[in-house]
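One structure below.
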Amino acid sequence: MTMNFFRGVMGGQPAGPQPTGAETIHKLCDRVASSTLLEDRRDAVRALKSLSKKYRLEVGTQAMDHLVHILQTDRSDSEILGYALDTLYNIICNDEEEEQDESEDMAAAPPLSGKHKNVPVSDENAQKQEEDLGVLFTDKFLADSENVTLLLTLLEEFDFHVRWPGVKLLTALLKNQCNQVQGVILVSPMGVSRLMDLLADSREVIRNDGLLLLQQLTKGNAAIQKIVAFENAFERLLDIITEEGSSDGGIVVEDCLLLLVNLLKNNSSNQNFFKEGSYIQRMKPWFEVGDDNSGWSAQKVTNLHLMLQLVRVMVSPVNSPGATSSCQKSMYQCGLLQQLCTILMATGVPADILTETINTVSEVIRGSQINQDYFASVNAPSNPPRPAIVVLLMSMVNERQPFVLRCAVLYCFQCFLYKNQKGQGEIVATLLPSTIDANSISAGQLLCGGLFSADSLSNWCAAVALAHALQDNLTQKEQLLRVQLATSLGKPPVSLLQQCTNILSQGDKINRRAKSEKGSKVQTRVGLLMLLCTWISNCPIAVTHFLHNQENVPFLTGQISENLGEDERLVQGLCALLLGICIYYNDNSLENYTKEKLKQLIEKRIGKENFVEKLGFVTKHELYSRAAQKPQPVFPSPEQMLFDHEFTKLVKELEGVITKAVHKTSEEEKKEEEVKKTLEQHDSIVIQYKDLIRDQDTQIQELREQVSTLSLNSEQMHNQITQQQSQIQQHKDQYNILKLKLGKDSQGLSSNQGLSSSQGEGAHVNGLHSEELSQLREEVEELRRQHTLQHTQLSDKDSLINTLRCGAAAQTAEGGAGGSDNTDLLREVESLRSRVQSQCAEISQLQTERQELIRRAEAVSSAPASSSESSADTVKVSELESRLAAQTTETERLKEECRGLREGHAGLEQQLASAQSTVAIEQTEKTKLQQEVQESKKEQDDLLMLLADQDQKILNLKQRLRDLGETIEDEDELDARDQFGEDDDEDDEEEEDEENND
């Protein structure tokens with residue numbers, strides 16, 4: 001029965017009527033659900049697999065739940081798991097190439113009747129229907145998130161028939177519902193780690209499909225990108241690229257590079273990890289090219305293009321400036337930039353690779369001074385050698401070069417000059433008369449040639465490149481005014497500024513004669529106007545030079561006032577911007593073209609509202625917002641190349657201030673100038689107080705240091721006095737001991753003379769003298785140690801006195817209120833030093849006398865002393881007592897002097913407190929001044945609002961008078977009245993001067 005059934009399904013001749021596809025699939029599903037034998041279930045699942053492509057809807061609708069159940073229950077049989085996974089993949093996958101695989105399996109099967117047979121639908125509708133089915137079955141499979149977890153578990157199986165279809169199924173799920181599958185994998189324990197293990201599989205088919213799976217998994221999910229990166233993805237992918245032959249490798253290298261781009265693009269954490277892991281250094285061998293670069297395969301071109309794109313991801317202008325700068329530095333240090341420049345100057349490199357290399361070098365050097373300096377030093381391998389910048393500019397101004405290549409060269413030149421004032425100066429210097437070399441072609445000559453050539457695209461590129469040489473560099477704007485151009489023989493040279501305006505006016509005349517060339521000439525005029533606006537902005541000297549030509553202002557006003565077509569609106573807006581810059585940055589050095597006269601000219605010939613409207617044409621242009629998005633000039637066609645990214649920033653900065661400057665009246669400007677002067681005065685006062693407070697803070701700090709130094713000296717002196725007192729006490733104790741011993745010695749001598757016959761007593765006396773001698777020797781040693789200690793103390797005192805002398809000298813140089821106190825302290829220290837020295841001398845003398853006494857005592861033990869000597873000893877003892885009394889008195893005096901030093905210290909602390917109070921008072925005054933400044937600013941704003949209201953009321957009243965038929969004075973009478981008012985002001989000033997003289 002079973003064999004007959006399968007024979008009918010798989011191609012045998014049916015014995016009865018043919019079943020439909022849906023009926024067959026229904027029977028197979030029942031067999032999968034009800035069969036108890038594993039072989040029966042396996043055969044049924046294999047049959048479903050063979051039908052799953054042709055009858056995708058029926059199999060997906062009826063069999064999906066049964067297939068998932070097989071995955072859950074029959075884990076022990078890898079064959080049935082493989083059939084189930086393949087079947088699920090066939091009903092979920094939308095890839096046409098995959099659907100054509102295994103078509104031979106169904107070649108022998110008889111056609112089954114079903115609703116998919118001979119359905120006349122177009123290819124487009126069929127593809128759309130297939131995609132809808134894939135999404136439908138994906139949603140059904142993902143309805144239970146445990147299905148994805150189950151699939152991740154099955155990927156741990158090493159069996160090829162389970163692992164490979166599992167990888168393909170998960171990839172198809174990610175293609176159809178990426179975000180939902182990413183969320184399940186992200187919360188699954190070790191989910192990403194299991195997928196990363198696929199890269200280590202020894203079977204290349206699984207490894208390569210694992211790369212495709214990780215590509216889909218890492219799309220647009222920063223969290224998964226970080227996890228994959230920290231699972232050692234960079235190391236594994238770079239190893240695979242090296243094993244496959246780098247740029248010469250096959251499609252596997254392409255897949256690895258696509259995955260690396262996914263991991264690094266717009267992910268600062270992974271970019272930092274890639275840089276810190278020294279993986280940038282491993283990119284250098286990718287770009288090693290030989291001398292013969294002909295015959296590159298399409299795969300090599302694709303691989304190298306992706307490698308260059310990967311470098312650009314690391315140094316993209318959209319990254320944080322710190323990360324970009326760090327990567328640029330690493331690329332220079334490891335030699336990657338040098339290798340890219342080698343490709344740049346090599347021959348035989350395909351055009352698209354050369355273009356992408358130029359763009360890559362551009363972003364590697366953008367804003368990095370060391371990289372820009374290196375690029376400036378690169379020479380092309382020509383005879384004679386030419387700088388790489390000159391060779392690239394030759395391509396930019398050559399109209400026969402591809403458009404994308406010219407755009408790339410322009411971007412490279414812009415990046416070379418970005419925040420590079422040194423490079424800007426070198427480019428402008430090639431235009432100056434003193435540096436022009438007739439035997440060689442310079443960058444300046446190429447730019448001038450492109451600026452005045454017949455090709456409008458060369459005009460625009462050269463104008464934008466020259467504008468970048470002046471960007472935010474006032475010095476070079478002034479230097480470029482010196483450039484003179486020779487127009488024709490017999491005519492004087494004209495300045496570059498004048499020649500640009502001449503081309504503008506001539507281009508306008510040409511456009512009027514030949515309207516068919518208007519599109520191209522508009523591009524030239526837009527480029528020149530952008531150059532002029534960049535040149536004279538924030539440079540009053542350039543504004544003066546521009547206004548000095550009497551034809552420029554009438555030309556601008558004529559352009560703005562005319563009613564032209566849509567194509568000319570952008571030119572009108574740029575002319576309005578140029579005229580507005582002439583007003584805003586005007587220093588009123590030309591009498592005929594002051595700010596006020598230019599505004600009057602606008603009001604008479606154009607109208608303020610009309611002028612502001614024309615100015616708004618620039619930002620409203622559709623190509624303006626496209627150019628403002630990113631620095632790289634990317635345009636679909638040459639005709640749409642109108643705006644530069646840096647110029648859009650300039651327009652955004654100047655549009656508002658120019659509008660305000662045009663609407664301001666002369667009185668408002670005068671009031672603003674007065675307000676500015678008042679604020680400057682207040683600021684100068686505040687600055688003076690700040691300087692005063694800063695000086696006082698310095699003085700207070702110096703006084704604090706002096707007080708701390710004197711306090712330290714006072715403590716040291718106090719310690720010395722304490723030590724001396726202890727020494728004196730020790731000497732007193734030693735003296736008393738000696739006195740007692742001398743009294744005993746005299747008693748022993750008298751008893752010895754009276755009882756000379758008694759030998760026992762003599763022996764006793766000799767024993768007593770031997771004990772006393774040993775004690776005296778110990779005391780001598782103690783006195784020697786004390787003597788050494790006193791010498792050390794004397795040296796410390798000498799150093800202290802020298803320090804005090806230096807401090808006194810510094811205080812004398814500073815002067816001030818504390819000078820006399822410091823002098824008194826120095827004198828006291830000198831007197832203390834002399835007294836200490838005298839005391840030390842007395843102590844040494846006492847020690848000498850004590851040693852003499854000890855010597856005499858020893859002599860007494862050997863021979864009897866005379867009575868005269870004992871009387872002399874008594875005199876010595878009395879002298880010692882008197883000296884001790886004198887030293888005690890001196891010690892008391894030293895204590896009194898220490899108290900005086902403490903009082904001086906207290907006086908210095910009082911001075912410090914007074915200085916601090918002075919600082920507090922000055923800070924209070926500073927706060928009051930700042931409050932007054934804020935109040936004055938608020939009053940000025942109120943006055944401005946009041947004046948605006950009054951002007952509006954006057955205008956309303958004039959309009960009402962006109963409506964009533966009254967005659968309103970014209971502007972000539974108002975000017976005469978203003979002149980009369982100025983004469984009155986002069987008379988008032990003369991009268992005030994006379995009163996002051998009186």
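The helices (runs of 4 or more DSSP H) found wholly in the stretch 440-496 and carrying at least 1 residues that are open to solvent by less than 20 Å² (accessible area, probe 1.4 Å) and in contact with a Lys or Arg (Cβ under 7 Å, 6 or more places away or on another chain) occupy 456-468. When the residues of the stretch 628-659 are filtered to those that are under 24 Å from the mean Cα position of the chain (by Cα) and not in a loop (DSSP other than H, G, I, E, B), the one that is nearest to Leu531 (Cα to Cα) is Phe647. Scanning the stretch 535-545 for residues that are part of a helix (DSSP H, G or I) and open to solvent by 10 Å² or more (accessible area, probe 1.4 Å) yields Pro540, Ile541, Thr544, His545. Given the criteria at pLDDT 70 or above, among the acidic types (Asp, Glu) and under 25 Å from Glu680 (Cα atoms), does Glu932 qualify? Taking the combined requirement at face value, the residue satisfies it. Condition check: open to solvent by 40 Å² or more (accessible area, probe 1.4 Å) and under 43 Å from the mean Cα position of the chain (by Cα). Does Arg605 satisfy that? It is false that Arg605 is open to solvent by 40 Å² or more (accessible area, probe 1.4 Å) and under 43 Å from the mean Cα position of the chain (by Cα).
The selection criterion, being modelled with pLDDT of 90 or more and within 19 Å of Leu142 (Cβ to Cβ), does not hold for Thr61. Of the residues making up the stretch 546-560, those that are assigned to a helix (DSSP H, G or I) and open to solvent by less than 50 Å² (accessible area, probe 1.4 Å) are Phe546, Leu547, Asn552, Val553, Phe555, Leu556, Thr557, Gly558, Gln559, Ile560. Among residues of the stretch 244-259 that are outside the structural domain of Gly220 (by the TED database), those with a beta-carbon under 8 Å from a residue that is open to solvent by 20 Å² or more (accessible area, probe 1.4 Å) and among the hydroxyl-bearing types (Ser, Thr, Tyr) at least six positions away or on a different chain give the pairs Val253/Ser246; Glu254/Thr302. Of all residues in the stretch 399-419, those that are of a type in the set (S, T, N, Q) have Cβ atoms under 8 Å from Cβ atoms of residues that are in a helix (DSSP H, G or I), 6 or more apart or on another chain, in Gln401/Ser395; Gln414/Ser362; Gln414/Val464; Gln414/Ala465; Gln414/His468; Gln414/Glu646. Of the listed requirements (1) modelled with pLDDT under 90; (2) open to solvent by 30 Å² or more (accessible area, probe 1.4 Å), Glu79 misses just one: (1). Exactly one residue out of Ile343, Ile389, Ile370, Ile358 is surrounded by fewer than 20 Cβ atoms within 10 Å (Cβ to Cβ), assigned to a helix (DSSP H, G or I) and among the hydrophobic types (A, V, I, L, M, F, W, C), and it is Ile370.
For (1) surrounded by 20 or more Cβ atoms within 10 Å (Cβ to Cβ); (2) at pLDDT below 95, each residue gets a yes or a no:
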{"position": "Leu195", "(1), (2)": "yes, yes"}
{"position": "Ser202", "(1), (2)": "no, yes"}
{"position": "Glu243", "(1), (2)": "no, yes"}
{"position": "Leu258", "(1), (2)": "no, no"}
{"position": "Ser268", "(1), (2)": "no, yes"}
{"position": "Val301", "(1), (2)": "no, yes"}
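The values are calculated or read from the model by the stated rules, or taken from the named source; none is laboratory data. Computed from a prediction, not measured in an experiment: that's the story for all the values here. Cβ sites come from the backbone with ideal geometry, for glycine too, and all protein chains shown count toward neighbours. These area figures cover heavy atoms from the full protein model, side chains too; ligands, DNA and RNA do not enter into them. Shrake-Rupley method; radii C 1.70, N 1.55, O 1.52, S 1.80 Å.
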